[in-house]
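Novice: Take a look at this one; I'll ask things after.
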Amino acid sequence: MSDTLPVLYSFRRCPYAMRARMAVAVAGIAVNLREVVLRDKPPSMLEASAKGTVPVLVLDDGAVIDESLDVMRWALAVRDPEGWLGADETEASALISENDGSFKHHLDRFKYATRYEGADPLEHRMAAESFLLKLNDRLSQNSHLLGERRSFADIAIFPFIRQFANAAGDFMQDERFASLMRWLNDHVQSDLFLSVMKKYPQWHAGEAGQAFPD
């Protein structure tokens, strides 16, 4: 593997890393993927980004991009074959902001209630419903969030809806979420998503890393 490839530190199950990998994959950009375990973060990742979260992209000139949306934009600026950046940017930004803000807040306290003192998972599940229903309403009118084809907003948001649905179980089978679940299942079963969810062993210093996309 070329030493000049950008290095992408990732964790397979992290929704932030998922959306970054999907953008890199759809753009067809070759990177050196380093699968990390978050309880055993490699020193080189922490040297690149003291935040200690994934994804972290280290470019061949040493520049570091450590926010998932910025990794997506970087990849799509190189190549955007499906026109993900062509959808309404104002609408996309508003939806992503709500997803990454209030919805993620409730998702964490619903799924990981024991990590947050005093968190009532049922209360947070109920609080998340407004965003889920907003998305469902959009998806009852179009096959994707901003129209009839997938866009930046769909890819940025759906990993978090997947995480919520996996934790919520039968709750998400309610007819109120029928369009949302159809959209979610379409993305989860897509060739793109399946291609970025392959399992790789934990990367250790001194190893070559994994060519991605492979």
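Novice: Taking the mean number of other Cβ atoms within 10 Å as a proxy for protection, how do you rank 177-184, 91-98 from highest to lowest?
Specialist: 177-184, 91-98
Novice: Convex hull over the alpha-carbon atoms of the range 86-192: what's its volume per residue in Å³?
Specialist: 95
Novice: Rounded to the nearest 0.05, what FRET efficiency is calculated for Val78 and Met197 with R0 set to 22 Å and r the Cβ-Cβ distance?
Specialist: 0.50
Novice: Next question. What order do you get for 5-11, 205-211, 133-139 when each peptide is scored by the mean count of other beta carbon atoms within 10 Å, highest first?
Specialist: Taking the mean over residues of other Cβ atoms within 10 Å, the ranking is 5-11, 133-139, 205-211.
Novice: Residues of the range 119-143 with amide nitrogen under 20 Å from the 7 Å Cα-to-Cβ point of Phe171?
Specialist: 119-137
Novice: So for the pair Ser143, Leu122, with labels modelled 7 Å out along Cα→Cβ, what separation do we get in nm?
Specialist: Spacing of the two 7 Å Cα→Cβ label points: 4.0 nm.
Novice: Over the range 81-214, what is the relative contact order in percent, taking alpha-carbon pairs closer than 8 angstrom and at least six residues apart?
Specialist: 24
Novice: Is there a pair in Lys41/Lys134; Lys134/Lys198; Lys134/Lys199; Lys111/Lys199 whose C-alpha atoms are over 27 Å apart, and which pairs would that be?
Specialist: With Cα atoms farther than 27 Å apart: Lys41/Lys134; Lys134/Lys198; Lys134/Lys199.
Novice: Using alpha carbon centroids, what distance separates the range 114-164 and the range 166-195, in Å?
Specialist: 10
Novice: For the chain, what is one quarter of the convex hull surface built on the Cα atoms, given in nm²?
Specialist: Answer in nm², one decimal: 12.1.
Novice: Report the local net charge at Asp100: Lys and Arg +1, Asp and Glu -1, summed over other residues whose C-beta lies under 14 Å from its C-beta.
Specialist: Overall, the nearby charge balance is -2.
Quick note: the coordinates plus some simple rules give every number you see, no bench work behind them. Computed from a prediction, not measured in an experiment: that's the story for all the values here. Neighbour counts run over all protein chains shown; Cβ positions are idealised from the backbone, glycine included.
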